[in-house]
């Protein structure tokens, strides 16, 4: 399908800072359903939700809130002694997440699901539910639900999301020619991150693949020089989220590739990637709301 300028994705990307502000104001309302400080926690999800789980798990553990692991729902290690499991799923219909929640209920492990859809199968099987219907999406491609869920989770750890919102508003207000300078015409992008932004780098790469059928990769920043730098070349880019390892910009520049980095909150940097998704979809003349081979939720046939 050809590119649609007034896409759902375009509108959902544009409203993200306001969405974050709205969900953060609900923290007093929903906070009791979220994991308590000090409990041993696992966070699960699939696709975009898994990458948000990675970021939150790092922030929670390294912020001193308790040991926290993250898993793709299909590759979990929940036989370990977790005291609480948090599941992220926009639709609440993802098969692997529902199977995890059912298994945990049988074992008596407390669960919370963060979802956009009331009455969904995941919401019905979890012990506690954080509903965010105000940030549900019509596009198949996830943007605002995922970033809003992470904003809420960051706020639950005591973070002030004001700077992230300000950065995101500035990113959205900036003209495309400067916001995406050096990026619109590249043929490939590799995203790198450190700490909690590794998950966001993974998500950035996924977004471009989904929305624009565009070649991307992602790695922890210190791993980039252990092989992936071999594909760096003119008309390609390396985009760093968060702190940049010493010497990396110079090494990328020596390959002829473009090195991209701004001192913004990484969640706001992801919004800038969302703008690149729309630009690349327009360039490729593909519909960013309906990625090929994808549906809103992965629902598997049961044997």
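Computed over region 1-75, the convex hull of the alpha-carbon atoms projects to a mean area of 7.3 nm². Here the ratio of the Cα radius of gyration of region 86-160 to 2.2 N^0.38 Å is 1.10. Against the chain, whose longest principal axis comes from its Cα atoms, helix 95-107 is set at around 30 degrees.
Look at 148, 120 and count the other Cβ atoms within 10 Å of each Cβ; fewest to most, that gives 120, 148. When 18, 265 are arranged by Cβ crowding within 10 Å, least crowded first, meaning fewest neighbours, the order is 18, 265. Across region 8-156, C-alpha contacts under 8 Å between residues 6 or more apart give a mean separation that, scaled by the residue count, equals a relative contact order of 28 percent. Quick one: helix 162-173 against the long Cα principal axis of the chain, what's the angle to the nearest 10°, folded into 0 to 90? For 162-173 against the chain, the angle is about 40 degrees. Among 54-63, 70-79, 126-135, the peptide with the highest mean count of other Cβ atoms within 10 Å heads the list, and the full ranking is 54-63, 126-135, 70-79. Evaluated on region 8-156, the Kirkwood hydrodynamic radius is 15.1 Å, with distances taken between all distinct Cα atoms. Scoring 188-194, 232-238, 24-30 by mean Cβ neighbours within 10 Å over their residues and listing the highest first yields 188-194, 232-238, 24-30. Footprinting exposure proxy ranking of 67, 217, 269, fewest other C-beta atoms within 10 angstrom first, gives 67, 217, 269. Full extension of the chain between residue 74 and residue 250 gives 59.5 nm of extra length, using 0.36 nm per residue less the Cα-Cα distance. For region 111-202, the extents of the C-alpha atoms along the principal axes are 47, 31, 26 Å, listed from largest to smallest.
Label sites at residue 83 and residue 107, each approximated as a point 7 angstrom past Cα along Cα to Cβ, lie 1.7 nm apart. Max-minus-min Cα coordinates of region 162-284 on each principal axis give 35, 33, 23 Å, with the largest extent listed first. For the pair residue 11 and residue 160, label points projected 7 Å from Cα toward Cβ lie 3.4 nm apart. Choose one answer from 146, 268, 253: the residue with the largest mean-square fluctuation in a GNM of the chain with alpha-carbon springs under 10 Å. Top of the fluctuation ranking is 253. Using a Gaussian network model of the chain in which every pair of alpha carbons under 10 angstrom is joined by a spring, one finds that among 228, 220, 243 the greatest mean-square fluctuation is at 228. GNM on the chain, alpha-carbon springs under 10 angstrom: the most fluctuating residue among 89, 216, 178 is 178.
Read-outs: derived from the displayed coordinates by stated rules, not from any lab. Predicted model, so just to flag it, every value in this text is computed and none were measured. Cβ sites come from the backbone with ideal geometry, for glycine too, and all protein chains shown count toward neighbours.
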